[in-house]
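Novice: Below you will find the structure I want to go over with you.
The values are calculated or read from the model by the stated rules, or taken from the named source; none is laboratory data. Computed from a predicted structure; not experimentally measured. A quick note on method: Cβ atoms are made from the backbone with ideal geometry, for glycine too, and the neighbour counts reach across all protein chains shown.
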Amino acid sequence: MLIPVVVMNAGIKEWSLLEFQGDFIPLDKTSDCLQGGIEIGTFRYGQKTAQEPKVTLRIGTHVLSGSLMKLSRPFAIIEKEDCCEEKEIKYKVVGIAHDGKFFVLGNTVSGFKVYNSDSGVMVVNVTNPGIHAVSWSPLGSHLLTWQRPQKDSERGNLIVWDAATGKDVARFHQTSYSRDKWPPLQWSSDEAICVRQSANGVVIYSGRDIAAGSIGQISLPNVANFSVAPGSAPYKMALFVPEKKGKPASVKIFQFPSNLEVPTATKSFYKAQDVTLKWSPTGSALIVETRTDVDTSGKSYYGETGLFFLQSDGKYDCIVPLTKEGTVHDVAWDPTGRGFVVIAGAMPAHATLYDNKALPIFEFGAAPRNHVSWSPHGRFLCLAGFGNLRGDMDFWERNKLKKMGSATSNSATTFAWSPDSRYFATATTFPRLRVDNGFKIFRYDGTGPVHQEERGELYDLKFRPAAQNTYPNRPQSPKRKGEEAGFGSSSVAPKAAPKPQAYRPPNSTGALAAMMRKEESGSKKLDRMGATAAPKKLSKSARKKKAQEAAEAKAAVDEALAKVAGATPKAPQVSIQLSSAKPSSAELTPEEKAKKVKGLLKKLKQIDTIKAKKEAGDSLNEDQQQKLQTEQALRDEVAKLSA
C-alpha cells in the first residue's frame, strides 16, 4: 500500500515532498502508528524484521526510509546520506501530476524542475524566472505556468510546456492571476481539446497541438468564468455571464463538436456577481453556486448565496431545495456521481445528502460544520468545521448512512484524503496561522491521530495522487475490543479520569443547555416528496443509439483535429453492429418520421409565439433570438420529412 504526502515547510527548503510507502501491518496484529521525525537526508530507523514492512519517506530530493513499529520501541537513526546539492533554492510553487508519477517544483528566481516521484530523479530542468503558479494537464503531458507580464514584452506570460522535454509549445497573454480561476486553460479529461477564455467567449484548441491554432470558438460577450466538464466526446463546457444593466446572470452549456452557436442547456438567475461551477464526475449535470457581495435582506454580512442544478442536456433544471435557509457554506459531489452533499444555513448548519436529481434524501443533522470532503472512492465522507470553527470532524459511511466516529483538529487550515481512502490528514499552515504549524493524520473513521508533527512554518500539505483503480474500494474494517473508545489496539482500556462537573448556578433548571443540545439535531432520512421515479434501465436499442452517438461525436472531433493538423481524417473505427452515419430520412419508418415531424412542429409553434411577442414590441432575450434564427432550417427539415 502506498501512502504519499506532500509537505511544504520552511528551513533548508520551503517545499518538501514527503512520501509514506510500504505495507502497513494488519490492524489485528499490531498498531500501525508512524514513528520518527523528519530530517533532511536518508535515514533508516527502528529494528527491521521480516514481520515488519518498510516505509519510505521522501522529502524534496532527499530520501528518508524506515520501519513501522510499535510505540514501545525506541527511535534510532542508523545512517544518513545526502542526495541533493542545491540546498539553498527556495521553491515557491509545487504541482503533482494527476496520476502522481511526476511532480514539479518552481520558484521565482530560476524556473522549474520536474522530478520522477518514484525515484526522485530530475527529468526536466527549465530556466524561466518569475514563475508564480503551475498546473498539470489531466494526463500529465503538459505543464501550464503563469508569471507577471514584463513591460514592453511581446511574449506571452501564460506558457504551455511539454512536460517530457521542457519545450514551450504555446504562449498567451494573461494580465492577472486569480487563485479562484486557476488554471485559465482547461483540458478535457482525455486531452483531446483545450479551452481558453477570451474577451468575448472561449476559444477551443487541439489539446495535443495547441500551437496549431483554434478548432472552434464560442462567442458569448462578457463571459466571466467557464468550466470544462469531465468525460469524453461530446465535450461539454459551461460559461457564466454575470448580471448587467438589469439583465439576469446566466450559465450556458455548450457541446463540442456540436453546434457551438446554440447551447444545450441554459439557466438564468439574479443575485449572481460570481459563481463556482461544479460538474458531476460524469459531466451529466452541473451545480452552480452563486454569490453576491451584499445581502439586500440584511441577514448576512457576507452577501447572498444561491444554489442551482441543471442537467447538461437541458432536460431538467431547478433551484436546489435547502433544508435550512441561509448561506451555502460548501457543496461537493460524490466521486461516484450518485449525488452531492450541501452544508447550508446559520450555525449550527444543516448538512444534507441529495441524489443526482437534486432531491434531498438524507439529513446528517445540525452541527457547526462548513466543509465537505469525500474520500476518493466515495465510500467515506468527512463533515468538518474548520476556519473560525473549533475543528470538529464527523466521519460517515455513505452506503450505510451511518456515522463511524468523530475527531477534532484545532486551527486546521487545510485537509486531504489519502488516495486509498484509509487516511485523512489535517494541517495548520503558514501564513494563515503563524503559530502551532503542523499536521495530523487520522484513520478514515476518525480514530487517531495515528501520526502528528509540529513545524516551525508549514506552508501546505497534500497527498500524492494515484491513478484510478490503483487501490481497492475497501469497506469499513470491523472494530476490535477497546477501539470504540479510541484505545487503538490495546486489549485493556485505561481507566477514564473523572469528568469535571460543569458549574450550575443555584436554582438553575438547565433549560438553556437543553435548548442548545436540541438545536444540534441528529440525522434522519428524508421523505422524497415529489421525487421522480428511478430512471428506467436502457433498452437494447437505446444503448445502441447512445453508443452510436458517442462514436459519431468522437469521429467529428477527430475530423476537426485532422483539419487543423493538415492531415486527412482517419476513418472512424466503429463496431460492425453500429453504423457510423445517421439514418437518412428515406431510411426512417413512417412512425419515426411522424414522431420527428411532431417534435419539429412543436419547436416551430414556440417560434411563432416568440415572433408574436416581437411584433407586439416586447424585448427578446438571447435564447429567443437564437431560436428565431433556426426557423428556416426547421421548416426545411419538416418539408423534407413530409415529402
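To keep it simple, each residue is scored yes or no on (1) aromatic (Phe, Trp, Tyr); (2) crowded, with 18+ Cβ neighbours inside 10 Å; (3) under 26 Å from Arg379 (Cβ atoms); (4) not assigned by TED's automatic domain parsing to the domain that holds Asp99.
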position: Trp417; (1), (2), (3), (4): yes, yes, yes, yes
position: Thr428; (1), (2), (3), (4): no, yes, no, yes
position: Lys440; (1), (2), (3), (4): no, yes, yes, yes
position: Tyr444; (1), (2), (3), (4): yes, yes, yes, yes
position: Pro449; (1), (2), (3), (4): no, yes, yes, yes
position: Glu457; (1), (2), (3), (4): no, no, no, yes
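Novice: What residue, of Lys236, Lys151, is surrounded by fewer than 17 Cβ atoms within 10 Å (Cβ to Cβ) and among the basic types (Lys, Arg)?
Specialist: Just one listed residue meets the conditions, Lys151.
Novice: Out of the range 587-643, which residues are more than 24 Å from Lys267 (Cβ to Cβ), aliphatic (A, V, I, L, M) and outside any helix (DSSP H, G or I)?
Specialist: Leu588, Ala616, Ala643
Novice: Pull up the range 286-295, narrow it to residues that are in a loop (DSSP other than H, G, I, E, B) and surrounded by 15 or more Cβ atoms within 10 Å (Cβ to Cβ), then point me to the one that is modelled with the highest pLDDT.
Specialist: Selected residue: Thr292.
Novice: Could I ask something else about it? Would you please name the residue that is surrounded by the fewest Cβ atoms within 10 Å (Cβ to Cβ), looking only at residues in the range 202-221 that are at pLDDT below 90 and part of a helix (DSSP H, G or I)?
Specialist: Among those that are at pLDDT below 90 and part of a helix (DSSP H, G or I), it is Ala211.
Novice: Would you point out the residue of the range 227-258, among those that are assigned to a loop (DSSP other than H, G, I, E, B) and of a type in the set (A, V, I, L, M), that is modelled with the lowest pLDDT?
Specialist: Per the criteria, the residue is Ala233.
Novice: When you check Thr175 against the structure, is it hydroxyl-bearing (Ser, Thr, Tyr), in contact with a Phe, Trp or Tyr (Cβ under 8 Å, 6 or more places away or on another chain) and under 24 Å from Val109 (Cβ atoms), yes or no?
Specialist: Judged against the criteria, Thr175 is not a match.
Novice: Related question: Has the range 180-201 got any residue that is surrounded by fewer than 16 Cβ atoms within 10 Å (Cβ to Cβ) and part of a helix (DSSP H, G or I)?
Specialist: Within the range 180-201, one or more residues are surrounded by fewer than 16 Cβ atoms within 10 Å (Cβ to Cβ) and part of a helix (DSSP H, G or I).
Novice: May I ask you to say which residue of Gly298, Gly283 is part of a loop (DSSP other than H, G, I, E, B), under 23 Å from the mean Cα position of the chain (by Cα), farther than 21 Å from Gly385 by Cα and at pLDDT below 95?
Specialist: Answer to the selection: Gly283.
Novice: Where residues in the range 154-178 are within 19 Å of Tyr115 (Cα to Cα) and of a type in the set (Gly, Ala, Ser), which of them is surrounded by the fewest Cβ atoms within 10 Å (Cβ to Cβ)?
Specialist: Checked the range 154-178; the qualifying residue surrounded by the fewest Cβ atoms within 10 Å (Cβ to Cβ) is Ala164.
Novice: Quick one: which residue in Ser575, Ser619, Ser580 is under 28 Å from Leu641 (Cα atoms), modelled with pLDDT under 80 and of a type in the set (Ser, Thr, Tyr)?
Specialist: Step by step, each of Ser575, Ser619, Ser580 is checked, and only Ser580 is under 28 Å from Leu641 (Cα atoms), modelled with pLDDT under 80 and of a type in the set (Ser, Thr, Tyr).
Novice: Which of the residues belonging to the range 399-435 are in a strand (DSSP E or B), of a type outside the set (A, V, I, L, M) and more than 20 Å from the chain's Cα centre (by Cα)?
Specialist: Lys402, Lys403, Gly405, Ser406, Thr408, Thr428
Novice: Taking the residues in the range 259-273 that are of a type in the set (D, E, K, R) and under 23 Å from Ile204 (Cα atoms) as candidates, determine which candidate is modelled with the lowest pLDDT.
Specialist: Glu261
Novice: Right, here's the next one. In the range 207-251, how many are within 21 Å of Asp317 (Cα to Cα), more than 20 Å from the chain's Cα centre (by Cα) and not aliphatic (A, V, I, L, M)?
Specialist: 6
Novice: Let me ask another. Looking at Glu261, is it among the acidic types (Asp, Glu) and part of a strand (DSSP E or B)?
Specialist: It is false that Glu261 is among the acidic types (Asp, Glu) and part of a strand (DSSP E or B).
Novice: Kindly list, by first and then second residue, each pair from a residue in the range 316-328 that is in contact (Cβ under 8 Å) with a residue 12 or more places away in the chain to a residue that is of a type in the set (Asp, Glu), limited to pairs with Cβ atoms under 7 Å and residues at least 6 apart or on different chains.
Specialist: Short answer, once both residue conditions are applied: Thr323/Glu363; Val328/Glu289.
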